[in-house]
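All remarks here apply to the structure that follows.
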Amino acid sequence: MRVSLFRMLGYFAAGLWTAWGGRKRIEARQLRNLRRLVKKARRDSPLFRRLYADLRPSSEIELHDLPVTRKPELMRAFDDWLTIRSLPLDRARDHLRDIRKIGVPIDDVAIFLTSGTSGEPAVIVLPSSFLEYSFGVSMARFDRYQWKLVREIRKLGMRVTVTGGNGHFAGVGFNRLVRHLYPRLKRGLTFIEAEQPIGQLVERLNAIPKVSCIVTYPSMLTILAKEKEAGRLQIEPVLFNTGGETLTDDLRDRVRRVFPSLKYGILDYYGCTECLVMSSVCGHGRKHVHEDWVILEAVDEAMRPVPDGTLSASVLLTVLANDVQPFIRYDLGDCVRFDTTPCPCGSPFRSFQVEGREATLVRVGEVTLSPLVFDLEHEHAQRIQLVQTSERDFEVRIDPAEGVAAGLVFQEVIEAVKRVFRDNGLEGVVVRKSEAAPEFTASGKFHEVLPLRGADARNMTSSGIRQLASE
Ligand SMILES: [Zn+2]
């Protein structure tokens, strides 16, 4: 796998040129990139050839001509999905089974696994063009503040990534891939596994002489804030980079309070393994989509577009910079809301907020609850997890603080959870104590609330692509 500096500069220059031209140039560029991707997918991906068989010519195609695609169907047809024939699923899985090969390219591509929050993990294939896009276009979107930040962070100490380390996930994998491709960057970058006991993790962080920046999930950030409040964690970073989960305003305020060293605050990125870099955060804290290379569509449950300002039921992702594994109108399941007013930063790119993942919502009967309504914090517990075991049955798992008997903690937490159900008009919901320990997702995220898996019904709806996939 070779990443070309020359092509990266090409993305950078084109990215600047597109932004200078305003909306008209952005939309023209996006359409050109879309038609090129559709043409390539039709030519080289047997799956997309079948799927798009009855559509008009690629040179006339519009986004809304294209059917919605979903992970389970695409994964079932993996060998027909890619536009290269040299990486059948068996070969990809062999590579992914070998833990020593995390972030090591296979031929001309890098491969990662999704965390499987919304069902089966998917295998994600990234060509060098995606990396060239990621660096080139991100730099094109930097403002003066961000250039300064990049320089300062390097000078001020180590940049530490804290995510799941026991698999080919993007958090650890992308880190290793960049180090593999650019050994010179190794200096100043460290990785810490999120799965280890909290005490050990705190010790590892405290042992690093100077930590300037931490890259992690919001759920891990909650844990770090708690350890800092308790006086056990001593680091004084100037910046947190978060992504992969929803960052709430409460957590943002709390972290700013307990880490007075945070000169640059928290930069919350929105990305997923399917498209690690899809937006930039500006100085006003808004997320601006890289619309020349990424299309995000806010849609309702029937996959129809919703107006700006409305919370979507899902979001469709199109990645124009990956022509090896086409993601075109791919149902991501996140709830987003596009902003209705222009951003004070003057960016011509549309901005949006993320309001959580469909897969994390709790459904009981007709009632849908956000995981954020449950207060799962207790001064005598390190971690608390609420698990939905059937529609009306929940269990509470607790990792008690050292030297504390869990009995009273269980009683208080269970009472608080029951109150939430009652307040939402739900009677007869059973909440019981569990002896099991709270668990992380395979990629090292910690979900305080684990809804019933089967509730992710959307991934089970049949669609045209499923039939095509089985042909
Ligand atoms: Zn802005």
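The values are calculated or read from the model by the stated rules, or taken from the named source; none is laboratory data. Fair warning: this is a prediction, and the values are worked out from it, not measured in the lab. Counting neighbours? That spans all protein chains shown, and the Cβs are built from the backbone with ideal geometry, glycine included.
Structure summary
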{"read-out": "Selected residue [touching a Phe, Trp or Tyr at 6+ places or on another chain (Cβ under 9 Å) and acidic (Asp, Glu)] from GLU377, GLU415, GLU427, GLU402", "value": "GLU427"}
{"read-out": "Subset of the range 361-391 [of a type outside the set (A, V, I, L, M, F, W, C) and either within 16 Å of the ligand (Cβ to nearest atom) or more than 24 Å from GLY243 (Cβ to Cβ) (or both)]", "value": "ARG363, GLY365, GLU366, THR368, ASP375, HIS378, GLU379, HIS380, GLN388, THR389, SER390, GLU391"}
{"read-out": "Candidates PRO326, PRO371 - the one that is under 22 Å from the mean Cα position of the chain (by Cα) and within 30 Å of VAL125 (Cα to Cα)", "value": "PRO326"}
{"read-out": "Of all residues in the range 270-288 being in a loop (DSSP other than H, G, I, E, B) and aliphatic (A, V, I, L, M), the one that is farthest from the ligand (Cβ to nearest atom)", "value": "LEU276"}
{"read-out": "Given (1) over 26 Å from THR83 (Cβ atoms); (2) in contact (Cβ under 8 Å) with a residue 60 or more places away in the chain; (3) among the acidic types (Asp, Glu), number of the condition ASP300 does not satisfy", "value": "(2)"}
{"read-out": "Listing of strands (runs of 3 or more DSSP E) fully contained in the range 110-199 that carry 2 or more residues being touching a Phe, Trp or Tyr at 6+ places or on another chain (Cβ under 9 Å) and surrounded by fewer than 16 Cβ atoms within 10 Å (Cβ to Cβ)", "value": "none"}
{"read-out": "Condition check for GLU291: in a loop (DSSP other than H, G, I, E, B) and away from the ligand (no atom under 15 Å from the Cβ)", "value": "no"}
{"read-out": "Hey, THR273 touching a Pro at 6+ places or on another chain (Cβ under 6 Å) and not assigned by TED's automatic domain parsing to the domain that holds ALA14 or not", "value": "no"}
{"read-out": "Residue among LEU267, LEU296 that alone is within 15 Å of VAL336 (Cβ to Cβ), assigned to a strand (DSSP E or B) and within 16 Å of the ligand (Cβ to nearest atom)", "value": "LEU296"}
{"read-out": "Of all residues making up the range 309-360, the number that are within 16 Å of the ligand (Cβ to nearest atom) and within 28 Å of ILE84 (Cβ to Cβ)", "value": "0"}
{"read-out": "Residue in the range 87-96 that is among the basic types (Lys, Arg), part of a helix (DSSP H, G or I) and at pLDDT below 95 present", "value": "yes"}
{"read-out": "Filter result for VAL404 (more than 25 Å from LEU247 (Cα to Cα) and modelled with pLDDT under 90)", "value": "yes"}
{"read-out": "Count of the range 129-162 residues which are in contact with a Lys or Arg (Cβ under 6 Å, 6 or more places away or on another chain) and among the small types (Gly, Ala, Ser)", "value": "1"}
{"read-out": "Those residues of the range 52-86 which are outside any loop (DSSP other than H, G, I, E, B), within 23 Å of the chain's Cα centre (by Cα) and within 17 Å of ASN322 (Cβ to Cβ), in sequence order", "value": "THR69, LYS71, LEU74, MET75, PHE78, TRP81"}
